[in-house]
1. Residue pairs, Cβ under 6 Å, 6 or more apart or interchain, first in the range 141-162 and surrounded by 13 or more Cβ atoms within 10 Å (Cβ to Cβ), second in a loop (DSSP other than H, G, I, E, B) and modelled with pLDDT under 90. List them.
2. Just to be sure I understand the filter: pairs with C-beta atoms under 9 Å, separated by 6 or more residues or on different chains, first member in the range 9-31 and without any contact (Cβ under 8 Å) to a residue 24 or more places away in the chain, second member of a type in the set (S, T, N, Q). Which pairs pass?
3. Which number in (1) at pLDDT 95 or above; (2) surrounded by fewer than 19 Cβ atoms within 10 Å (Cβ to Cβ) marks the one condition that LEU89 misses?
4. Can you give me the number of residues within the range 66-116 that are farther than 19 Å from VAL14 by Cα, in a loop (DSSP other than H, G, I, E, B) and within 22 Å of the chain's Cα centre (by Cα)?
5. Among the candidates ARG38, ARG16, which residue alone is closer than 27 Å to LYS154 by Cα, in the same structural domain as LYS184 (by TED's automatic domain parsing) and more than 32 Å from the chain's Cα centre (by Cα)?
6. Within the range 336-366, which residues are assigned to a loop (DSSP other than H, G, I, E, B) and in contact with a helix residue (DSSP H, G or I) (Cβ under 8 Å, 6 or more places away or on another chain)?
7. Checking THR250 against (1) of a type outside the set (D, E, K, R); (2) in a helix (DSSP H, G or I); (3) at pLDDT 90 or above; (4) surrounded by fewer than 17 Cβ atoms within 10 Å (Cβ to Cβ), which single condition isn't satisfied?
8. Counting only residues that are within 21 Å of the chain's Cα centre (by Cα) and of a type outside the set (D, E, K, R), which one in the range 216-261 is farthest from PRO144 (Cα to Cα)?
Amino acid sequence: MAIKIAIPGASGFVGRQIVPLLEAKGYELVLIGRHKARLAAVFPNRRVFDYDDLDVAFSGVDAILHLAVLNNNVVATAEEFEIANIDLLKNIILKAKTAKVDKIIYTATIHQQADKSNYAHSKNEAERFLNDLNVMRVTIIRLPIVHGERFAGKLSLLNALPYPLARYIVSVLASFKVTLHITKLANCIDAELNSKASNEILLTDQQDGNLFYAIVCRFVDVGFSISIIVVFWWLLIVVWLAVKLTSEGTGIFVQQRVGRCGKVFSLYKFRTMVKGTKQVGSHEINGSSLTKIGKFLRKTKIDELPQIFNILRGNMSLIGPRPCLMVQQELVSARWKRGVFDVLPGITGYAQVQNIDMSNPELLAKVDEEYIKLRTLPLDFRILVSTILGWKDNRDLSPPNRTI
């Protein structure tokens with residue numbers, strides 16, 4: 001027997017694209033909107049209701065996909081946002097409880113929690129209400145800009161172009177703004193409808209298959225590495241000699257790290273610890289293990305400079321999750337589960353500029369996954385600038401809620 005889903009807000013941009021995709025997956029849909037006649041015109045030969053008919057609409061329904069929203073591109077008062085985004089949701093939940101619906105999937109936006117607008121306030125209040133529910137399972141899906149065969153908002157100009165050309169332009173724009181294709185959203189909803197748990201999901205296209213993003217990143221990586229060699233070759237030699245002359249051991253320290261696809265590679269650094277120091281994470285290093293100039297090299301990040309050769313060899317990128325040691329099995333396991341090894345590790349990263357190190361493997365893996373989902377060229381640039389300027393605790397780089 002098909003799962004029956006009620007979709008408030010079905011006539012919106014996301015609703016118009018998601019309905020046929022869910023129908024193709026075999027779900028029975030009940031569509032709900034403010035104007036029943038308008039909804040019927042958009043979706044002929046479907047079961048449609050307005051918000052005055054929720055008692056009837058929810059009869060026999062297994063789950064609710066809540067898409068109804070007064071969006072942030074609408075000029076409205078705080079009261080109007082509250083009525084549309086909070087009061088309507090509360091009424092829907094009340095009717096759903098009576099009808100014994102036990103699952104709701106709620107769509108939110110990625111950055112609304114850090115926003116101060118009336119729209120964001122209403123959406124955040126709605127989430128707080130949902131999180132306090134104990135009578136049904138709640139899944140919150142955080143979305144960026146959603147696109148499909150059609151485009152909305154500022155991207156609507158692309159609708160006049162042939163789809164292959166529009167899609168190429170979107171791939172370029174996706175290098176600068178986080179996006180999501182509608183089919184990925186449909187697949188996520190499908191999985192959550194068949195899940196027995198509550199959940200919170202940050203859903204994006206990531207940069208998988210984005211050739212423009214990949215080319216720009218590689219160009220910057222190689223350009224940066226060559227620039228360091230050309231401009232600061234003398235510094236590399238001076239530091240190498242200083243390390244060699246002030247303590248016993250090699251000038252360059254070679255350590256095995258876990259890289260992309262779990263492949264082990266040799267990472268290069270200027271040695272900052274005395275010879276024979278046990279190989280452990282940086283957070284576990286005893287201060288007495290550092291050489292005379294090791295503390296300075298670590299503080300200034302100069303010890304990381306030899307990793308430009310890892311970049312040139314294709315083992316690393318300038319920005320990415322910091323590569324871990326093979327012995328850090330808890331972190332390795334957490335990163336496998338979260339897909340962190342799908343990308344190249346970096347000299348600096350999203351977690352590092354937020355002062356998150358390997359002492360908390362699960363949190364670090366979560367933040368690494370968050371970076372992979374949110375990465376764009378502007379974010380990579382901000383991480384680089386934060387690293388160079390030595391900024392710490394840059395919480396503004398990320399959504400406040402890390403339950404992902």
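1. Here the result reads LEU158/PHE151, each pair linking the range 141-162 to a residue that is in a loop (DSSP other than H, G, I, E, B) and modelled with pLDDT under 90.
2. Here the result reads none, with nothing in the range 9-31 linked to a residue that is of a type in the set (S, T, N, Q).
3. Exception for LEU89: condition (2).
4. Qualifying residue count, the range 66-116: 2.
5. On the way: ARG16 fails: more than 32 Å from the chain's Cα centre (by Cα).
Criteria check complete, one pass: ARG38.
6. Applying the first criterion (assigned to a loop (DSSP other than H, G, I, E, B)) to the range 336-366 yields 338-339, 343-345, 349-351, 355-360.
Scanning the range 336-366 gives ARG338, GLY339, VAL343, LEU344, PRO345, GLY349, TYR350, ALA351, ILE356, ASP357, MET358, SER359.
7. THR250 satisfies every listed condition except (2).
8. Looking at the filtered set, the residue picked out is GLY259.
The values are calculated or read from the model by the stated rules, or taken from the named source; none is laboratory data. If you're wondering where the values come from, they're calculated on a predicted model, not measured in any experiment. As a convention, Cβ positions derive from the backbone with ideal geometry for all residues, glycine included, and neighbour counts pool all protein chains shown.
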